[in-house]
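First the structure, in the form of structure tokens, and then the observations on it.
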Amino acid sequence: MSQKGIDTLLAEHAVFAGLPDADIKFIAGCAENVKFDAGEYLFHDGGEANHFFLLRYGQVAIQVYAPGKGSLTVATFSQGDIVGWSWLFPPYR
């Protein structure tokens, strides 16, 4: 089984479809393949937003803290979804 490079994975995703190869290679050069275990956090509210995540496997839940209720899941994302758009918009948090 051959593994696809990050540039190929990006080029195959709908969000990046149609971008010139040079742009795909530039974005891929900023990317890394990471794995998170169940229960780990991708980011926390108020933290610096300098990453986004293209989900290849598994699921990610976006949770907020509600006083008196604890953590509430407000959205769930899975394979093919992109999580972490805050890096595009000020104040980048």
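The values are calculated or read from the model by the stated rules, or taken from the named source; none is laboratory data. Just so it is clear, the structure is predicted and the values come from calculations on it, not from any experiment. Positions of Cβ are backbone-derived with ideal geometry, glycine not excepted, and every protein chain shown enters the neighbour counts. The accessibility values were calculated without ligands, DNA or RNA, using every heavy atom of the protein model including side chains. Shrake-Rupley method; radii C 1.70, N 1.55, O 1.52, S 1.80 Å.
In the range 19-31, what residues are open to solvent by 90 Å² or more (accessible area, probe 1.4 Å) and part of a loop (DSSP other than H, G, I, E, B)?
Kept after step one, since they are open to solvent by 90 Å² or more (accessible area, probe 1.4 Å), are these residues of the range 19-31: 21, 25-26, 30.
Hit for the range 19-31 is Cys30, nothing else.
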Candidate set: the range 1-18, residues that are in a loop (DSSP other than H, G, I, E, B) and open to solvent by less than 70 Å² (accessible area, probe 1.4 Å); chosen: the one modelled with the highest pLDDT: His13
Residue within the range 32-39 that is free of Cβ contacts under 8 Å to residues at least 60 places away in the same chain, touching a strand residue (DSSP E or B) at 6+ places or on another chain (Cβ under 9 Å) and open to solvent by 60 Å² or more (accessible area, probe 1.4 Å) present: yes
Output for the range 46-82, where each listed residue is more than 27 Å from Ala28 (Cβ to Cβ), without any contact (Cβ under 8 Å) to a residue 24 or more places away in the chain and not in a strand (DSSP E or B): Pro67, Gly68, Lys69
